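We did not get these values from a lab; they are worked out from the coordinates using the rules stated. Here the structure is a predicted model, which is why all the values come from computation and not from measurement. All Cβ positions, even for glycine, are placed from backbone atoms using ideal geometry, and neighbour counts span all protein chains on display.
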Amino acid sequence: MKRLLIVGGLVALVLAAVLSYYASSQPDGLNKVAEDYGIGANEQQSAAAESPLADYTFTGISDQRWGGATAGVVGVAVTAALGFGLFYLIRDRRH
């Protein structure tokens, strides 16, 4: 089981890095429609807009593709840490 978790985690990290590197910089469908029809005219900046992972890129890396790949890896790592931490806290301690 431990080996499966390690291999699965490594695969997730590699996929996050590789697929994030090739992600499109074009707006997604919702953003595109909002731009085309002026729906986003009253759009306000998010409170998290200045965070290190804002806009699916890592702040401080000038190359947008590498910043996206780094953000993908950091996102997978943080999600895994939170998930494993939560399961560790709620696990059955009788065994």
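Any idea which of (1) closer than 30 Å to Phe84 by Cβ; (2) free of Cβ contacts under 8 Å to residues at least 40 places away in the same chain; (3) of a type in the set (S, T, N, Q) is the one Ser20 doesn't satisfy?
(2)
Yes or no: the stretch 8-20 includes at least one residue that is hydrophobic (A, V, I, L, M, F, W, C), surrounded by 10 or more Cβ atoms within 10 Å (Cβ to Cβ), over 12 Å from the mean Cα position of the chain (by Cα) and in a loop (DSSP other than H, G, I, E, B).
No.
Determine, yes or no, whether Lys2 is basic (Lys, Arg) and loosely packed, with under 10 Cβ neighbours inside 10 Å. Show your work before the answer.
Numbers: basic (Lys, Arg): yes; loosely packed, with under 10 Cβ neighbours inside 10 Å: yes.
Considered against the rule, which asks whether it is basic (Lys, Arg) and loosely packed, with under 10 Cβ neighbours inside 10 Å, Lys2 comes out as yes.
Restricting attention to the stretch 59-70, does a residue exist that is at positive phi and either touching a Gly at 6+ places or on another chain (Cβ under 9 Å) or among the small types (Gly, Ala, Ser) (or both)?
Just the residues of the stretch 59-70 that are at positive phi, to begin with: 60.
In the following step, the residues that additionally are either touching a Gly at 6+ places or on another chain (Cβ under 9 Å) or among the small types (Gly, Ala, Ser) (or both) were identified as 60.
Checking the stretch 59-70: at least one residue is at positive phi and either touching a Gly at 6+ places or on another chain (Cβ under 9 Å) or among the small types (Gly, Ala, Ser) (or both).
Say we look at the stretch 23-69 and pick out the residues that are touching a residue at least 12 places away in the same chain (Cβ under 8 Å) and of a type in the set (Ser, Thr, Tyr); which of these is surrounded by the most Cβ atoms within 10 Å (Cβ to Cβ)?
Top of the filtered list is Thr57.
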